[in-house]
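Notes follow once the structure below has been shown.
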Amino acid sequence: MTDWLSPPAALAPCQWAFPPVSAWPEEDLIITGGDLEPATLAAAYQRGIFPMEARGLPGVLAWWSPDPRGILPLDGLRVTRSMRQSARQFEIRVDTCFADVMRACADPSREDGWISAPFIEAYTTLHELGWAHSVEVFDRAGRLAGGLYGVRVNRLFAGESMFHLRRDASKVALMALVTLMRESGMTLLDVQWRTDHLESLGAVEVTRARYLSLLADALAT
């Protein structure tokens, strides 16, 4: 188990050279190839890039930087009465079952599910090194009811995916994450793309240039 507040393990230099921002295409897909080694992942997130398989290209590792980019301002989370009531029914834990959260997010029955076994293995390794974290929601019977995971670098949390097995459980996990981030002095919650669901919770869109500026501030020590 990792500690949210502990610094992550030092990593070897990334063996890949990501293209400079000036060479990025206008579309969201930046480049393909590379690997999911910890050093590669850490380097990508610090450049505003994240990996995901591309539709129509099975097995191809694709690297993305959406424009516009979805973020959730930490003072903009919309918390309804229902969410507050639901929160009282659950217990929040952090980094106690990271791989279980990833596997739940990877459920192949979910719409647009794409998280594959190599991604689970890679991010679990990243978690063991202190770079990736999970927020977990347990019901009163001690069963995992929902959660989320992502990558933390300094004051950035790059959210990757969330799931729920009980109503509002993923929203409760998001509430807990925002509270944890604010208490830890973090500033940037990246949600990649602003979906209708995330917009209902307060997510907004910013330009790629604006996101990279916010990222630079979040990474500064």
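The values are calculated or read from the model by the stated rules, or taken from the named source; none is laboratory data. None of these values were measured; they are calculated from a predicted model. With ideal geometry, Cβ positions are generated from the backbone for all residues, glycine too; neighbour counts draw on all protein chains shown.
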Quick one: ALA23 ticks every box in (1) modelled with pLDDT under 95; (2) out of contact with any helix residue (DSSP H, G or I) (no Cβ under 8 Å at 6 or more places or on another chain); (3) more than 27 Å from ALA176 (Cβ to Cβ) except a single one, so which number is it? (1)
For VAL137, state whether it is in contact (Cβ under 8 Å) with a residue 40 or more places away in the chain, within 20 Å of LEU219 (Cβ to Cβ) and either among the hydroxyl-bearing types (Ser, Thr, Tyr) or surrounded by 23 or more Cβ atoms within 10 Å (Cβ to Cβ) (or both). no
Any residue in the range 175-186 that is surrounded by fewer than 17 Cβ atoms within 10 Å (Cβ to Cβ), touching a residue at least 40 places away in the same chain (Cβ under 8 Å) and not polar (S, T, N, Q)? yes
Residue ranges of helices (runs of 4 or more DSSP H) in the range 113-221 with at least 1 members under 30 Å from GLY56 (Cβ atoms) and either over 16 Å from the mean Cα position of the chain (by Cα) or modelled with pLDDT under 95 (or both): 117-128, 196-200, 208-219
Check ARG182 against each of (1) touching a Leu at 6+ places or on another chain (Cβ under 6 Å); (2) basic (Lys, Arg); (3) under 21 Å from CYS105 (Cα atoms) and name the one condition it does not meet. (3)
Taking the range 100-112 and the residues there that are surrounded by 15 or more Cβ atoms within 10 Å (Cβ to Cβ) and more than 14 Å from the chain's Cα centre (by Cα), the one that is nearest to ARG140 (Cα to Cα) would be ALA104
Which condition number does SER82 fail, the rest of (1) in a helix (DSSP H, G or I); (2) of a type in the set (Gly, Ala, Ser); (3) surrounded by 15 or more Cβ atoms within 10 Å (Cβ to Cβ) being met? (3)
